[in-house]
Every structure is written in C-alpha cells, then in structure tokens.
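**Student:** Below are the structure tokens for one structure; questions will follow.
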Amino acid sequence: MKTVSLKIDDSIFGETENILSRINIPRNRYINEAIEFYNKLQKRKIIEKRLKAESSIVAHETMNVLKEFENIDYVD
C-alpha cells in the first residue's frame, strides 16, 4: 500500500468529515473507495471516446458498402 499526501479544499474536507461521521467508516477507506469509483468512471469515458472515434472511422466505409449493395441488380 502506498502513502499519499494530498491537499483537499476546506469545503470538501468538511463535507467529507460530516458524511464520515454518519456512515461510520474510516476516512482512508472512504477516500480509497471514492478514487476507485472515479477511476472506473474515467475508464468508461476513455472507452466511450475511443469507440466514438472508431465508429466515425468505419461509418464512411459502411455507407460506401451500403451504396454498393443498393446498386446490385438482383436477378430473380
């Protein structure tokens, strides 16, 4: 486990202390869970951004393929 020193805005610290007094878990556990949650959120945003970029790359080619299919003269 790593030790980290950080500066927290007074308002955030106060709100956190207030919440901690009500939910009765250690500050360290609370901060670890908050960072874990935020990391998952950021990973999802990274994946979403990558998927959007990749989708836009293939969208043009997909439209070309669809146009080719429309131009095929099907014989009965």
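The values are calculated or read from the model by the stated rules, or taken from the named source; none is laboratory data. Only a predicted model underlies this, so the values are computations on that prediction, with no experimental measurement involved. Reconstructed Cβ throughout: ideal geometry from the backbone, glycine too, with neighbour counts over all protein chains shown.
**Student:** Has the stretch 57-74 got any residue that is surrounded by fewer than 10 Cβ atoms within 10 Å (Cβ to Cβ), of a type outside the set (V, I, T) and not in a helix (DSSP H, G or I)?
**Tutor:** yes
**Student:** Turning to a different aspect of this structure: Restricting attention to the stretch 35-71, which residues are over 14 Å from the mean Cα position of the chain (by Cα) and of a type in the set (A, V, I, L, M)?
**Tutor:** Of everything in the stretch 35-71, those that are over 14 Å from the mean Cα position of the chain (by Cα) and of a type in the set (A, V, I, L, M) turn out to be A53, I57, V58, A59, M63, V65, L66.
**Student:** Quick one: what pairs do we get from the stretch 1-22, first residue touching a residue at least 12 places away in the same chain (Cβ under 8 Å), second basic (K, R), C-beta under 8 Å, 6+ apart or different chains?
**Tutor:** T16/R27
**Student:** Six or more apart or on different chains, Cβ under 9 Å: which pairs go from a residue in the stretch 26-47 that's within 22 Å of F13 (Cβ to Cβ) and assigned to a helix (DSSP H, G or I) to one that's at pLDDT 95 or above and of a type in the set (D, E, K, R)? Could you list them?
**Tutor:** Correct list of pairs: R27/E17.
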